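What follows is a short report on a single structure.
The values are calculated or read from the model by the stated rules, or taken from the named source; none is laboratory data. Given the structure is predicted, the values throughout are model-derived calculations rather than measurements. Cβ placement follows ideal geometry from the backbone for every residue including glycine, while neighbour counts extend to all protein chains displayed. When the accessible area is computed, the model is the full protein with side chains, heavy atoms only, and any ligands, DNA or RNA have been set aside. Shrake-Rupley method; radii C 1.70, N 1.55, O 1.52, S 1.80 Å.
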Amino acid sequence: MVACGGSGTNSNGATSSDSKGGLGTAVSNLLDPTTVYKKGETVNGKGYTLVIDSVDATPEFEDYTDADSGTEYFFASFELENTSNTAIDLSDFFKISADGEECSFINFYDKYNGVDKIEWYTSLEAGRKAKNYFSAVVPEKWNEIKISCPDNSVVSITHADLGTISAGEESGEDVVYHVGDTLTRNGMKITLTGARQTEYVSKDSYTYYEPDDGKVFVILFFDIKNASDQTQRFDALNTFDVFIDDYSDRFTSFLYTTVDDMEDLNDQDYKDILSGKSMSGYKVIEAPANWKKIELATRQGAFLIEPKDFV
């Protein structure tokens with residue numbers, strides 16, 4: 001709902017605004033602010049009060065597609081009260097800029113910080129309150145984000161204000177991780193706890209799966225802890241890009257099959273992981289019998305698995 005223009009649908013299923021300027025357009029229509037506030041402070045504006053209570057920035061959000069190269073998603077949850085005698089048009093209430101450049105809003109079909117997305121093109125009636133979040137596409141390298149209101153009050157955000165899913169706390173994309181290591185992504189601590197190679201996977205006492213001729217199964221075991229301050233889900237299929245000996249590949253899934261009393265992570269991708277809680281599971285890769293390396297690549301680094309890990 002918070003937008004700088006009309007709306008559309010992008011490739012990741014999220015709705016985005018056309019934006020009056022868009023990412024990279026100078027904010028020529030933003031006046032110098034009369035008052036600058038910080039996260040958590042109450043903006044006592046003309047006919048409203050506003051508190052930006054939580055902000056994050058990340059190149060990915062749950063199972064959505066990555067932000068475009070050079071950009072990331074910015075999230076802000078807020079409480080807004082209409083203290084005037086007339087309705088507030090929310091579709092044109094907020095403007096957002098990063099280092100003086102106006103940014104485009106984007107709408108996800110999910111929650112952030114426990115609250116729903118703000119609905120586009122609605123009004124907040126006199127005396128009413130709203131508690132929602134909005135999101136925008138911002139440059140990946142920014143120093144200050146400004147959230148501006150119609151009376152020209154501004155909330156200034158820096159990296160020190162960001163929460164626990166933010167990119168600033170994540171692993172580095174060039175870092176290589178091994179069995180036993182932990183990679184941090186969007187506030188989720190992902191540990192590759194073990195790996196083994198096998199020629200079959202048992203479904204039950206009577207059923208088992210075998211790989212194609214000349215191939216083997218590589219089973220990878222994970223522990224995922226939600227170290228952020230909001231409930232999240234983990235989708236292994238959209239978290240990792242699989243490569244075998246530098247060639248693109250994919251996970252193999254055995255529906256409703258447990259290994260070492262663990263479920264396939266693909267069977268758990270709709271489970272909510274509460275803040276501070278964990279889940280465990282496995283993934284299987286069918287690889288040539290003479291494979292040399294398997295990589296699970298993300299924007300936050302890559303797990304490297306080699307045959308020596310099974311010795």
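One residue stands out among those in segment 217-228 that are over 13 Å from the mean Cα position of the chain (by Cα) and within 9 Å of Gly187 (Cα to Cα): the one that is modelled with the highest pLDDT, which is Lys225. Selection within segment 158-187: residues that are at pLDDT 85 or above and in contact with a Lys or Arg (Cβ under 6 Å, 6 or more places away or on another chain). The member of this set that is least open to solvent (accessible area, probe 1.4 Å) is Asp161.
The number of residues in segment 68-97 being under 14 Å from Phe134 (Cα atoms), open to solvent by 60 Å² or more (accessible area, probe 1.4 Å) and either out of contact with any strand residue (DSSP E or B) (no Cβ under 8 Å at 6 or more places or on another chain) or among the small types (Gly, Ala, Ser) (or both) comes to 1.
State whether the residues of segment 213-228 include one that is closer than 30 Å to Asn113 by Cα, open to solvent by less than 70 Å² (accessible area, probe 1.4 Å) and not in a strand (DSSP E or B). Yes; the residues of segment 213-228 include at least one that is closer than 30 Å to Asn113 by Cα, open to solvent by less than 70 Å² (accessible area, probe 1.4 Å) and not in a strand (DSSP E or B). Taken together, the residues in segment 114-140 that are open to solvent by 50 Å² or more (accessible area, probe 1.4 Å) and not in a strand (DSSP E or B) amount to 9.
What's the total number of residues in segment 25-68 that are at pLDDT 85 or above and over 30 Å from Thr298 (Cα atoms)? The total comes to 17. Consider segment 43-52 and keep the residues that are in contact (Cβ under 8 Å) with a residue 60 or more places away in the chain and of a type outside the set (Gly, Ala, Ser). The one that is surrounded by the most Cβ atoms within 10 Å (Cβ to Cβ) is Ile52. Among residues of segment 254-271 that are closer than 14 Å to Leu220 by Cα, those with a Cβ under 9 angstrom from a residue that is open to solvent by 50 Å² or more (accessible area, probe 1.4 Å) and part of a helix (DSSP H, G or I), sequence gap 6+ or separate chain, pair up as Leu265/Leu237; Asn266/Leu237. It is to be established whether one or more residues within segment 190-210 are touching a helix residue (DSSP H, G or I) at 6+ places or on another chain (Cβ under 8 Å) and closer than 19 Å to Pro59 by Cβ. There is at least one residue in segment 190-210 that is touching a helix residue (DSSP H, G or I) at 6+ places or on another chain (Cβ under 8 Å) and closer than 19 Å to Pro59 by Cβ. Given the criterion at pLDDT below 90 and assigned to a loop (DSSP other than H, G, I, E, B), identify the matching residue among Asp151, Asp110. On inspection, the qualifying residue turns out to be Asp110.
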